[in-house]
Amino acid sequence: MPPFVTNLIEKLKELNGKLDTTKKIILGSAFVAILVALAIIGNVSSEKSHVVLFKGMETKDFASVTNKLSEMGFSYTTSGTDTIYVAHDKKEAALVAMAQEGLIPQGVHGWELFDIDKWSETQFEKDVKKQRALSGAIARTLEKVKGVEKAQVNIAFPSEELFQEKTEPVTAAILLEYKPGVEKLSVKEIKGIETLVARSVPGLKKENVTIAGPEGDVINDFDNEADRQKAEMKDVTEKLKIQEQQRTKLLADIRKSLTKFYGEGVYGDRYDVVRLEARLRWDKEELEKNEVEPVVMTPDDPRTPYSERVVKDSLEVSSKTTTEEFNGNGFTPEGPAGTEPNIPPGYKDRDYQKAKYTKKEEIKNNKFNETHRKIRKQPWELERVNLAVLLDGKWERTGVKPDESGYLRKYAAVTDEELLKVTDVLKKSIGFDIARGDQISVKHLQIDRSKQFEAEDEELRAQVARRKLLIGVLVTLIGLVLAYVAYVFIKREVERRRRLREEELAARQAMMRDAALRAIEEEGVEVELSIEEQARRAMIENAINLAKERPEDVVQLLKTWLSED
């Protein structure tokens, strides 16, 4: 430890010894307050500064932008309903994301930070500085795009003209360099760059923004042949997706119809949809039809079992009848006066004879029940359905083999009547239309289930083996239990007999001792007994006295001893 540190510590200790408790508390509180203040200042200074993302927004734009920022995980703060703040290092990324979604508010540029005025700058220098600031800020923003490594932005502001029609539009040229491994940008990213640049520069329109790739090729020209081919391929992909959805829906209906009757077999499903093809027609058609139908005079009553329907081909709207009759002498026109008629002599004598003329004309105007229809078909319709289904018969277990090595089984094939019924059900499931060219085939084919049979028989053999093993284990356990019981019984019997012998021997010894004592007493010889003999003799006398005084208690005590033994 350095000497000055040691000296400082010694001085602090000396100062601490001189201070009383109140001063120590005051100094400690001041030290803690200083530490808290430093921590608060450090925490506040460590927070990231927020900058303006958009300002002066309309209410609808404010709601759309804040919702999208929340969805994309950007942290932001707001001031009122027209200003949004984001972290300084997240501003460019947020601008790119909003541009790709087309949510940059109209008229909000966010480049006011580059408009820094100095008293010595001329207007030309201010314009140049603003143009450079815009170009640099937009370039840094574009470099936040996922696949962009570097961006160069050139903005051309035309000079102001006296007449508006002579003013040239503002244009922008952008050159992009991709990151390693990126070959091209998506259409969404390119359109986002267009929107970002157009909304960032006052007076700039999207059609005046040119974006070029690393090779100098224009990538925001979406009207070229390659883009049209991509659009067509996308259209084809969507059509195939819709077609597959329709096929999947038909397949689900078919499986639903078959599973109820052929999906619950012992060995699994008894059907197989070999092929299901659903073709769609994408031709757009518009038809105009004029249909003439009979006029219904009396409609049918659905509540009756017979038909009351009365129809007519047409309704008479108007009619006209004309009748002409003539009776009298007829004549033959002979030509102009003064000329000989061109009539043979034989016929001239027959002229001016009686003549009769009758003419009848009838005109009727009828109105038909005519319907004019203009039909516009949907973008697609089902063109043809081809379906092939195989049905398997039913296996039934009839028992177990005598050696218990497997099951006995019986197979029942699918009948022709059943095939016809299934065909009819499937036709209704797919909306079968023979005029449309639909084809359906339902056949019986026995499925090879030898592997399933072998697995099932193996499981049966395993069950038999487990059952035999279980029986053997149970027999062994029963034998062990019986052996243990016999052992316990024999052990208790041996112990009982040993105890009886010991009791009998003790009783004999006691009798012999008592006899010897009585003989000695009769002879008048005083024998000094040991302490144990004296205690034993006192116990015996007490037991005899107790037996004489309370015989019931003694009997109960003996019964208890015997039951415990």
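Observations
- Amide N proximity, region 289-324 versus Y357 label position 7 Å along Cα-to-Cβ, cut-off under 18 Å: 322-324
- Among the protein heavy atoms, those of S70 account for about 70 Å² of accessible surface (1.4 Å probe, every chain in place).
- Area of D61 that stays accessible when all protein chains are in place (1.4 Å probe, Å², to 10): 50
- Region 375-452, relative contact order [Cα under 8 Å, separation at least 6], %: 41
- Take the Cα of S186, step 7 Å toward its Cβ, do the same at A173, and the gap between the two points is 3.0 nm.
- Extension gain for the segment Q446 to V494, taken as residue separation times 0.36 nm less the Cα-Cα distance, is 9.8 nm to one decimal.
- Among the listed pairs K427/K451; K91/K234; K91/K205; K150/K191; K146/K205, a Cα-Cα separation exceeding 26 Å is found for K427/K451; K91/K234.
- Charged side chains reduced to their Cβ positions (Lys and Arg at +1, Asp and Glu at -1) give region 55-100 a dipole of some 20 debye around its Cα centre.
- Label-point separation, R536 to I40 (7 Å along Cα→Cβ), nm: 9.9
- You can think of it this way: the chain between N366 and E308 has 18.5 nm of extra reach, that is 0.36 nm per residue less the Cα-Cα gap.
- With the simple spin-label model, which puts each label point 7 Å out from Cα in the Cβ direction, the A483 to V128 separation comes to 11.3 nm.
- Exposure check, 1.4 Å probe, all protein chains in place: T171 carries approximately 50 Å² of accessible surface.
- The accessible-area ordering, largest first, of the residues F54, F157, F222 stands as F157, F222, F54, per a 1.4 angstrom probe.
- When the residues M72, M98, M539 are ordered by accessible surface, computed with a 1.4 Å probe over the protein chains alone, the sequence from largest down reads M539, M72, M98.
- Sorted peptide list for 86-95, 405-414, criterion being average Cβ within 10 angstrom, highest first: 86-95, 405-414
The values are calculated or read from the model by the stated rules, or taken from the named source; none is laboratory data. Because the structure is predicted, anything quoted here is derived from the model rather than measured. Quick reminder, even Gly has a Cβ in these numbers, built from the backbone with ideal geometry, and neighbours come from all protein chains shown. To get the accessible areas, we keep the full protein, side chains included, count just its heavy atoms, and leave off ligands, DNA and RNA. Shrake-Rupley method; radii C 1.70, N 1.55, O 1.52, S 1.80 Å.
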